[in-house]
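Structure first, then comments.
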Amino acid sequence: PGAEDARGTTRREVRPKHAASLILWRQGADGLPEILMGRRHRDMRFMPGVLVFPGGRVDRADHRAPALAPLPPETRAALELSSTPGLAHALGCAAARELHEEAGLTLGEWRDGVLHADLGCMEYLCRAITPPKRPIRFHARFLIAPAERARGSIHGSG
């Protein structure tokens with residue numbers, strides 16, 4: 001099925017790409033939780049200027065990426081409600097990779113230039129699918145992890 005654009009032209013519905021976001025949290029000095037977010041550049045094609053959690057689409061390499069520890073059973077089970085076991089692993093690896101790419105933080109260890117993600121500290125929060133009429137769509141899974149498990153200094157991607 002298709003969707004009509006503003007001119008009434010029918011266009012093919014875009015299939016959502018698998019994606020993962022990682023919400024890092026910590027207890028602030030005042031006892032309230034703090035979470036890591038970034039602002040997307042205003043020139044970005046998808047959601048320009050919006051505050052977001054580090055994340056992005058699953059790459060092919062995420063399916064084969066090594067991990068220090070597997071996803072906790074509860075997290076894996078929740079992810080597998082909308083994915084396969086292999087995709088569940090890839091979603092966790094994508095979340096860790098995107099955290100490093102977007103914020104400069106490492107959740108895991110680097111060995112011979114390869115990130116071995118620490119999936120063992122990730123918990124499943126929720127998922128969201130971009131609405132059907134959008135030209136770019138994602139089936140995003142949101143994972144959460146304690147900030148104390150990440151290493152590095154926060155930096156922006158420019």
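Every read-out reported here was derived from the displayed coordinates using simple, explicitly stated rules and does not represent laboratory data. Values in this document were obtained by computation on a predicted structure and should not be read as measured data. Here the Cβ positions follow ideal geometry from the backbone for every residue, glycine too, while neighbour counts run over all protein chains shown.
Taking θ as phi - 60°, what are the ³J(HN,Hα) couplings along the stretch 41-47 by the Karplus curve (6.51, -1.76, 1.60), each to the nearest whole Hz, with x for Gly and Pro?
4, 5, 8, 5, 6, 9, 6
So if each residue of separation counts as 0.36 nm, and I subtract the Cα-Cα distance between W110 and D59, what length gain in nm does that give? Write down the numbers at each step before the final one.
Numbers: separation 51, 0.36 × 51 = 18.36 nm, distance 1.83 nm.
Computed gain between W110 and D59 is 16.5 nm.
Within the stretch 130-145, what residues put their amide N at less than 16 Å from the label point 7 Å along the Cα-to-Cβ vector of R45?
From the stretch 130-145, the list is 134-139.
Would you mind counting up the charge near A78? Only other residues with Cβ under 13 Å from its Cβ, with Lys and Arg at +1 and Asp and Glu at -1.
Working: positive: R76, R127, R141; negative: E74, E80, E123.
Neighbour charge sum, excluding A78 itself: 0.
Hey, what number do you get for the chain at 222 nm if only DSSP H runs of n ≥ 4 count, each worth -39500 (n - 2.57), divided across all residues, to the nearest 500?
Computed ellipticity for the chain at 222 nm equals -6000 deg cm²/dmol.
Please say if the stretch 48-126 is rounded, prolate or oblate, where rounded means a/c under 1.5 for a ≥ b ≥ c the square roots of the C-alpha gyration tensor eigenvalues, and otherwise the choice is prolate for a/b larger than b/c and oblate otherwise?
Working: a/c = 1.60, a/b = 1.09, b/c = 1.46.
Oblate.
How many nm separate the modelled label positions at K133 and R151, each set 7 Å beyond the Cα in the direction of the Cβ?
4.9 nm
Step through the residues of the stretch 66-77 one at a time and calculate ³J(HN,Hα) from phi using the Karplus curve (6.51 cos²θ - 1.76 cosθ + 1.60, θ = phi - 60°), rounding each to whole Hz and writing x for Gly and Pro.
My calculation for the stretch 66-77 gives x, 9, 5, 9, x, 4, x, x, 5, 5, 4, 4 Hz in order.
Quick check: pseudo-label points 7 Å beyond the Cα along Cα→Cβ at A77 and E13, how many nm apart are they?
My value for the distance between the label points is 3.1 nm.
Just to confirm the number: angle between the C-alpha axis of helix 85-103 and the first principal axis of the chain, 0 to 90 degrees, nearest 10?
Its long axis makes an angle of about 80 degrees.
Treating only the Cβ atoms of Lys and Arg (+1) and Asp and Glu (-1) as charged, compute the dipole magnitude of the chain about its Cα centre; round to the nearest 20 debye. Present the calculation step by step, with values, prior to reporting the outcome.
On the way: 23 positive and 18 negative charges, 162 e Å.
I would put it at about 780 debye.
Considering the options A150, I35, V50, tell which one lies farthest towards the positive end of the dipole of the chain, charges being +1 on Lys and Arg and -1 on Asp and Glu at the Cβ, about the Cα centre.
Going by the charge dipole, the pick is V50.
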